[in-house]
Each structure stands twice: as structure tokens, then as C-alpha cells.
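These notes are about the structure you will find just below.
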Amino acid sequence: MNVKKLITLLLAVMMVLAMAACGAKENDKKTDIPGGNTMTDEPKTLEEASALFDSLLAQENAILGENSALWEKVFMAANKDKIMIEDGKNYGQFLLDTIEDAKDQFTEEELKVLREGGEKVRDLEDQLTKLEEKFPELMPKTPDGTGSVPAENGKPIEQNSNPFPAFEGKDLDGNPVKSSELFAANTVTVVNFWFTTCKPCVGELGDLEALNKSLAEKGGAVVGINAFTLDGDETAIAEAKAVLAKKGATYRNLTFASGSEAGVLTGNVFAFPTTYVVDQKGNIVGDPIVGAITEKKQAETLNKLIEQAIANSKA
């Protein structure tokens, strides 16, 4: 994994992690939004809660984006084993802990900026968590694939005839895998791009495992592509297998050459996790889904594309 690629991946996780809300804190009836608006009362409806939720997330993104070079240094300096955030840990607190671990690499002024940013993110995460607890509909579980979601406006989803880039590689146990044979064997293949230290990536592994079992009943499957494991990196493969085992994910994960067509595609993924749906002919159905499939919008889109891919296989 070269430095440029690692920087790209860490910047990607930095932006995607801002979409995850963790931790817990009790607030009074007044909701203060650091750097933004102040609401005198807690939201009373799902619509109000959704608007506030989006506002809080936007502010997190703004905090991280305003000093992206400094945050990049934080992630580059972080202990690799500590970049993955366990469920239940406030993301802002994770940032503050990471900053303290790497404080010798920053000036006093830089530390002030980073600490203030981390504290604001921590406060925002507390408010996000409170909203999720009060309005669990804001963060629904991914669908298990047993139900069909109608296409938008009653129209069928337009089929994307672009083939998924070809590859010949192996799964993480060393068994050979060829893309054409893999897709042809499944009515639908959900291809999930992730990497080991990406919190939302790791957080959805259990949901992907459940989805894989559900799709198996329909002749489909989930496969994972860990960006760190390209070119058969043995250390990265061992780390990926350990994380998968910890999360109970048994579906196949693949590695192939970074110079292959699929390797080039992997190198051009700039947000993690990203998920593709591929039909039995090896064609990508619809657009890639960016972000965790546990998000409402992504979950709905994924279910639509899965149903369309299966329909394509029957045609």
C-alpha cells in the first residue's frame, strides 16, 4: 500500500466516518448546535428530527473539511490498530484520543485547532445519538432482501449494461476466483468495497452477512473487496480475516492484482464503503451505492437494485 493510496483511503474514511453517530449523552430541552443554529426545543416530529440530524452531520463534515490537511496528519500518525472505532464509542472522543497520541507532531496552534474541532464533533455526536435514541427511524436496519421495494414513480429501474471490470484472483483463503465465473454462478452479486480500519465499513459487516444468507435463498451472494489486500498482501489479508471473523462475516472476500481492471476500479473508489450490484451477466445494475447500507437511502436503493438484477437474470 503506497503512501498516496493510504492518504486517499484515510481521507475517505474521515469523511465517511462523519456520517456515523456513536456514544451517548443526556441533554436538556435546549439543543445547542456548535457553530450553527440553536433550537429552543427538542424536535417533536420525525421530520423535525431528520432536518436537525442532517444539519448536525453537515456541521461535522464542515469541521473536518475546513482543516483537512491537519486531520490527514492525525490519521497518518495514528496507531493503525486504533483507527477502527468500536461500536458505542463517540467518534469525537476517538478524534481527541488520537490527537493526544500524536500531539508531539503538531504545533501548539495546530493542537488548539484540532482539539477544538474534536470537542465540537464530540458534542455533535452526543446530539446525534440522542436523536437516534428518540427517533430510531433515522437509522433503520438494512433490509434483509425478503421484500421488494417498488421502483421510483412506478417505473422500472433502467438497466446499466456496463460490465463490472474483469479480474482473476483469489479469496482470502487462497482459492482461485475468476470474475466471469463468479457472476455467472449467481442471480445477483453484491460487491462491497471496504477496508479494515474504516468504522462504517466494519460496522456493516454483520448486516452484509445477513444479506448474504438471504440472497443465498435466491441464488445470490455478497462478496467483499478489501482495498488493503490487493496484490495478495499477506499482512493485510490476515488483518482483514481477523476483523471478518470478529464480526461473524463468512461470505467470500477477494484479492486480485491492483493493475487489473478491477484493481484500477478499486483504486478509484474515493469513499468507503461503496457497494455495487452485479447481475448474472456480469453487468453493473444502476449506480454504485456510497455509504453504509444501514442508511435509509442506501438500503432502499440496494434493495431496488437487487430485485432488478434478479429480474435481469430471469429475462
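The values are calculated or read from the model by the stated rules, or taken from the named source; none is laboratory data. Note that the structure is a prediction, hence the values are computed from the model and not measured. Cβ placement follows ideal geometry from the backbone for every residue including glycine, while neighbour counts extend to all protein chains displayed. Side chains included, ligands, DNA and RNA excluded: accessible areas come from the protein's heavy atoms. Shrake-Rupley method; radii C 1.70, N 1.55, O 1.52, S 1.80 Å.
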Next on the checklist: It is to be established whether one or more residues within region 196-206 are assigned to a loop (DSSP other than H, G, I, E, B) and of a type in the set (A, V, I, L, M, F, W, C).
Outcome noted: yes
Checklist entry - For region 197-219, what are the residues that are polar (S, T, N, Q), surrounded by 18 or more Cβ atoms within 10 Å (Cβ to Cβ) and under 23 Å from residue 164 (Cα atoms)? => result 212
Next on the checklist: Let me spell it out: the conditions are (1) more than 22 Å from residue 197 (Cα to Cα); (2) at pLDDT 85 or above; (3) among the hydrophobic types (A, V, I, L, M, F, W, C), and residue 172 meets all of them except one. Which number is the exception?
Outcome noted: (1)
Checklist entry - For residues in region 68-124 being buried (at least 18 other Cβ atoms within 10 Å of the Cβ) and polar (S, T, N, Q), which is modelled with the lowest pLDDT? => result 90
Next on the checklist: Within region 262-315, take every residue that is modelled with pLDDT under 85 and of a type in the set (D, E, K, R) and give me the one that is least open to solvent (accessible area, probe 1.4 Å).
Outcome noted: 295
Item to check | Subset of region 220-246 that is assigned to a helix (DSSP H, G or I) and small (Gly, Ala, Ser) - its residue that is surrounded by the most Cβ atoms within 10 Å (Cβ to Cβ) | outcome: 227
